[in-house]
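What follows is a structure written as structure tokens; I'll ask about it next.
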Amino acid sequence: MVKRWLFLLALSALLTLILMACGSTTTSNNTSGGPNEVHTQGVTFVQSSITIAKGSSLTLVDDDNIPHIITNGTWVNGTAKPAKELHAPEARNVQINGNAQATIGPFTSAGTFKFYCTIHPGMNLTVIVQ
């Protein structure tokens with residue numbers, strides 16, 4: 001009889017753990033970070049454009065194990081177009097290895113600035129500074 005109760009108790013504990021794990025809202029791909037964060041997911045930016053305040057910096061967050069190298073410019077029809085934009089903070093080969101982050105800025109002037117990942121064609125980001 002005691003063995004039966006111990007078995008039922010262990011089974012109940014196991015089922016409770018399984019249900020708790022299934023109902024968890026914690027995730028390693030947090031895409032709702034701070035106001036000046038852009039997350040990557042696979043080979044894309046989660047959002048392709050962000051608006052930030054003049055004087056702010058931008059944090060790029062790599063939520064998975066895919067590395068990225070970010071620089072000024074953009075991809076156009078599958079061709080990388082590096083650029084030096086007036087008043088844009090220089091981002092030359094900013095490396096973000098898996099599950100890490102990097103900061104670009106501060107953005108000291110208002111304007112629209114373009115950045116791209118040199119590894120992943122089409123991975124563009126537009127930063128609008130107001």
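Quick note: the coordinates plus some simple rules give every number you see, no bench work behind them. Since this is a predicted model, take the numbers as computed values, not measurements. Quick reminder, even Gly has a Cβ in these numbers, built from the backbone with ideal geometry, and neighbours come from all protein chains shown.
Pick from the stretch 53-67 the residues that are touching a Ser or Thr at 6+ places or on another chain (Cβ under 6 Å) and of a type outside the set (Asp, Glu): which of them is surrounded by the fewest Cβ atoms within 10 Å (Cβ to Cβ)? Give the derivation first.
First, the residues of the stretch 53-67 that are touching a Ser or Thr at 6+ places or on another chain (Cβ under 6 Å): 57, 59, 62.
Keeping just the survivors that are of a type outside the set (Asp, Glu) gives 57, 59.
Working: Ser57: 12, Thr59: 17.
Restricting to residues being touching a Ser or Thr at 6+ places or on another chain (Cβ under 6 Å) and of a type outside the set (Asp, Glu), the top hit is Ser57.
Still on this structure, I have one more. Looking only at strands (runs of 3 or more DSSP E) that fall completely inside the stretch 44-84, which ones have 1 or more residues that are among the basic types (Lys, Arg)? First the steps, then the outcome.
Numbers: elements: 49-52, 58-62, 68-76, 79-82.
Strands (runs of 3 or more DSSP E) meeting the threshold: 79-82.
Go through the stretch 84-112 and give me each residue that's surrounded by 14 or more Cβ atoms within 10 Å (Cβ to Cβ), farther than 21 Å from Val43 by Cβ and among the hydrophobic types (A, V, I, L, M, F, W, C).
Matches in the stretch 84-112: Ala88, Phe107.
Looking at the stretch 87-121, which of its residues are without any contact (Cβ under 8 Å) to a residue 40 or more places away in the chain and more than 18 Å from the chain's Cα centre (by Cα)?
Within the stretch 87-121, His87, Ala88, Pro89, Glu90, Arg92, Gly111, Thr112 qualify.
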